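Below is one structure, written out as structure tokens; the observations come after it.
The values are calculated or read from the model by the stated rules, or taken from the named source; none is laboratory data. Note that this is a predicted model, so its numbers are computed, not measured. Cβ atoms come from the backbone with ideal geometry, glycine included; neighbour counts cover every protein chain shown. For accessibility, only protein heavy atoms count, side chains too; no ligands or nucleic acids. Shrake-Rupley method; radii C 1.70, N 1.55, O 1.52, S 1.80 Å.
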Amino acid sequence: MERFMHGGDRYKNTVKLDFSININPLGMPKQVKQAIYYGIAEMEYYPDPSCERLKRKIAKKRKVSEWNIILGNGACELIYAVIRAIAPSHVWIPIPSFTEYERALWNTNAKITWFPLKKEQDFCIGNELSQAILEAVNQPGKKQIPDLIVLCNPNNPNGKLIPHSIQKELMELCKKYGIYLLIDECFLELSGKLDRSAVANISENPYIFVLDAFTKTYAMPGIRLGVGYSSNRVLLETMQLQLPQWNVSGMAQIAGLKALEEEAYVKEAVALIKMERRWLMDELKQLNCHVFSSDANYVLFQSVKDWKQLLLNSQILIRDCQNYRGLTKGFYRVAVQTREKNQRLIEAMRKE
């Protein structure tokens, strides 16, 4: 099961600085913490199983109908639910990408076709998927058309955004040929490119399912609150049947409601990440690391040194990416944090 291990394992290691998880470097907003504290008395009651207040507030922010929204105990729960609801027989996934997609497909009978992205292009998604669809359509029998394509935008672990024209073409092809398209946008808001979200396209395309989470944007991974968007009522209703009642806790609903008010906090974080990402990439290059360009709040790099183990000596945890399909030993990912923390990481690396 090592293939499916993630970052954030501060329980098996003594960690003072955790660069292995990619959350907002500003930390959980103070107002969210206060809302949880003052809302503790409400935990004596069952939470709203429909999450009506929270859906209403999300709908207003994202300019969609409340019924277009499904909520989960983190984004991962929704990944499993949408895959069970679609029940695909053939899935296409570009690699490297988030390992949980593969894990969610583990107990299905789905065939997975991997599309390796090119290192020399910083593992950026191009038109390989669109070309493969057209090839399969024009040469039936040689290549099977998938039921589902899974994308991560920006991609994890390299942080590259999918070019807008590429995503638009792929969405149109999926609609034309009845292919479900799962687009994971959990890191999109922190990239400062929320205006490029596929949520704007769901009303005209019932085959799109967009995944998001409060986890990264508001630095609340322990709260577990994921969001899905679709205009496909049958898909959403089938997903809901995959989920238990009260899957979103009262604490998560309180935190989510307050977090949605933190517009200035998100803008501050986006500006900080943009500045610190540039600084961190420059510093890693000076340490003879091969650094891949990124649009997100994390940076992928390659080195001959065993940086994970070396940095654990300084009680700093980074993400070893060799368990990603398409990557090998020597690939590492670090989160973009505050200048003070980033400097401590670079100083520790210089000592080694």
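Things to note:
- Spatially proximal aspartates and glutamates relative to Lys267 (Cα-Cα < 16 Å; intrachain offsets below 8 disregarded): Glu189, Asp195, Glu276, Asp295
- Heavy-atom accessible surface of the chain, averaged per residue, reaches 46 Å², computed with a 1.4 Å probe.
- For the range 182-227, the alpha carbon positions stretch 34, 21, 12 Å along the principal axes, listed from largest to smallest.
- For the range 175-253: span of alpha carbons on each principal axis (Å, largest first): 40, 34, 15
- Only helices enter this figure: runs of n ≥ 4 DSSP H residues, each worth -39500 (n - 2.57), summed and divided by the residues of the chain, yield -11000 deg cm²/dmol at 222 nm to the nearest 500.
- Separation in nanometres of the label points that stand 7 Å from Cα toward Cβ, at Asp306 and Gln240: 5.2 nm
- Computed over the Cα atoms of the chain, the ratio of the radius of gyration to the Kirkwood radius (Rg/Rh) comes to 0.96.
- Exceedance of the 32 Å cut-off in Cα-Cα distance is limited, within the set Lys119/Lys175; Lys33/Lys168; Lys111/Lys274; Lys258/Lys308; Lys33/Lys175; Lys168/Lys341, to Lys33/Lys168; Lys111/Lys274; Lys258/Lys308; Lys33/Lys175; Lys168/Lys341.
- Shown here for the range 97-133: trypsin sites (Lys or Arg not before Pro) in loop regions (DSSP other than H, G, I, E, B) with at most 15 other Cβ atoms within 10 Å, namely Lys118.
- The range 157-298 - Rg and Dmax from Cα coordinates, angstrom: 17.5, 53
- Aspartates and glutamates with Cα under 19 Å of Lys176, excluding same-chain neighbours fewer than 8 positions away: Glu128, Glu135, Asp147, Glu204
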